[in-house]
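Structure, as structure tokens:
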Amino acid sequence: MSFLRTEKIKLSPIKQMEILASQIPDVVSLAQGIPSFDTPLVIKKAVMKALGRGVAAKYSLTYGLPELREAIEQKLADEKMYYDFEKEIIATVGSIEGITASLISIINEKKDEVILFSPSYASYPEAVRVAGGKPVFSNLIEKDGWKINFSDLAKKINARTVAILFCNPNNPTGTIFSKEDLFKLAELTWKKKIFVICDEVYKDFIYNETRIDTDTNTDKHGYEFFSLAQIPDLRKMVIRVFSMSKIYAMTGWRIGFIHSDEENISEIIKVHDALVTCAPTVSQYAAIAALNFADKEINEFCRQYQERRDLICGYLDELPEVFSYQKPNSSYFVFPKILKIRINIDKKTDKHIEGTHIGQYLYPRKSVSWDFATDLLNKVHVAVVPGIAFGPSGEGHIRLSFGKTEKEIHEAMKRIKNYFNE
Amino acid sequence: MNKFIVKICLKWCAKIYIWRIKPHAIFVAGTVGRYWAKESVVEALKEKNFPVRASKKNFNAEIGLPLSILGLPSGEGSFISWLKIICNAFNKAFKSKAPMTKEFLVLEAAIDRPDGMKYLLSIIKPKTVILTGITMIYAENFENLDEIALEYKILLKKMPWNGLAILNFDDERIKNLAESSDRRIISYGFSKDVDFSIERSQKVSDGQKLEIKINHLAKKVQVKIGRFGRHHVYASTVKEIIKENFKISTIDFFKQIRD
């Protein structure tokens, strides 16, 4: 028996880190991007009602419940994106299923390269490989606030390139790509006739001082977020992905959606059907309630995340010789650069030890950020994600999530301080 | 706060408001495309300079409808909020002053169980009804789609003698309802034998273009919309019907300017 297709696919390093962390008692994790909040009560009540009515246990249409897709269409229209709920929107199993289904539908033997920004979400390369494609990284420019390097990007596009897949606001950097850069990106991809898959799951967590564009209307937080899916002329090349997981604290419900022109959706739906038949119906009812009734909760989540961001950045400011970082203006991640490393040095021989012990296991040395993250986990029981998980230019960084409670952030950051003060 | 008490209070406050103010109520009903049809009606009436109020998103059933009539928000899960809303409801019911020009109230009417329409009609009887379509959605508490159609039959029956029903004849069930109604009917759809016939509908890069033929006037209207999907074509047609049928009188127009 062989697993030729999957043997090169790895479990995401974020999940690897969570598995390692689960073996250690008293661990505080700032690794996985899980909101500390529970799903809002208004959503849970609506689901209980649906369960009581006996309507949530059956398959929905493959596209999803029409009520949900109508609610999505209305929500999108509020954000100046105009898509037909009947033919251009699919309810998916979180965003990653939408991404994978899209990739499977567009990747073929002649066009199999998908460009990913580095750093960007750790599961993208594996999703590309699952779809039979090859991830190609284009490094973002850290010193310019993790901006797109257009000259590098242009060089990476070739006859085999089928799409660019990116996350905006970006995970792990928490930065937002400017409207100007997105237009440049659109122009480039339009000329090269390649798809743009934009994953915008953090777009509702934008913090106050961020001002993207002042000449257009502002969103409910008072600031404008721009999406390429707002431009009608790009409908045929843009596939937009969104998830309820982060915005409504619904990571476990596994519900999201994708939308694009009918021409694309009519192909993606075939893969979606083959993979999952439909998104979980019970979660679709939850999503209807979320879209219709949970706006107040989003604003509250956003306010609290901003406080937590300031809290975690305050701690990082106390360690200037250890970390340098750019204050994130979105999402709930900060991505500091490691300036000082004190790991795996044998005190007797003063030599670097190849490998990292976690409990009884010895893990081979992978990278500086991996070593640092595992050492931190081993010594002070704090789980973080090594930057290498997010692509080559993520190396030398770690990702800290401030989706966790203030108490957890205080505890984790105090331990990190102790780790360096030892 | 007990849902039953809230429901009863809101219902009676809404009834008193309607009795005192006497707005022109327009119901947008159907199981699909209600929201966009409602938005189109509001746009059309505003274009004609009528004073309009409309139900907010999803304020369309037992609690939402009276809230829409009274122009109040939802108390959501908060007892204190509901208490305040009930107080405001009484205020609105007894203290609101009728505007100089008749107010239009555009309301979505949603039903999710048999006899749902009877309850909504016990609050308000619309003078104009728009029926968008009857599909499999929201059908969970109904035996079948015909049972939903029966609810709309009741709606048409309860309209005043001078009421107007705007019906989508592309939906066979809705077309059949027209046969049993003696109210004034305006039909619309893609077929040629309707009052407002959608002759051409074409998807373009930034929306849809359509041509609507108004049969009794032998007139054609070209419309361009920045939205996609058949339901927007219908909503635009409804907009044209409203524009054609609701025209402000010159007296009312000057009255509004004076106000």
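The values are calculated or read from the model by the stated rules, or taken from the named source; none is laboratory data. Bear in mind that the values here come from a model prediction, so they are computed numbers and not experimental data. Here Cβ is always computed from backbone atoms with ideal geometry, including for glycine, and neighbour counts include all displayed protein chains.
So the values come out like this:
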item	result
Output for region A:23-77, where each listed residue is under 21 Å from residue A:205 (Cα atoms), among the aliphatic types (A, V, I, L, M), away from every other protein chain (no Cβ under 11 Å) and surrounded by fewer than 22 Cβ atoms within 10 Å (Cβ to Cβ)	A:34
Boolean, residue A:269 is at pLDDT 95 or above and in a helix (DSSP H, G or I)	yes
Selection count, region A:236-261, where residues are part of a helix (DSSP H, G or I) and surrounded by 22 or more Cβ atoms within 10 Å (Cβ to Cβ)	1
Contacts under 7 angstrom Cβ, first residue in region A:26-53 being closer than 20 Å to residue A:300 by Cβ and among the polar types (S, T, N, Q), partner loosely packed, with under 13 Cβ neighbours inside 10 Å and at pLDDT 95 or above, 6 or more apart	none
Residue A:109, sole failed condition from (1) more than 14 Å from every other protein chain (Cβ to nearest Cβ); (2) in a helix (DSSP H, G or I)	(2)
Any hit, region A:85-102, residues being crowded, with 18+ Cβ neighbours inside 10 Å and within 14 Å of residue A:194 (Cβ to Cβ)	yes
Leading residue by the ranking (modelled with the highest pLDDT) among those in region B:3-36 that are closer than 17 Å to residue B:117 by Cα and part of a loop (DSSP other than H, G, I, E, B)	B:30
Tally, over region B:55-81, of residues that are within 14 Å of chain A (Cβ to nearest Cβ) and part of a helix (DSSP H, G or I)	4
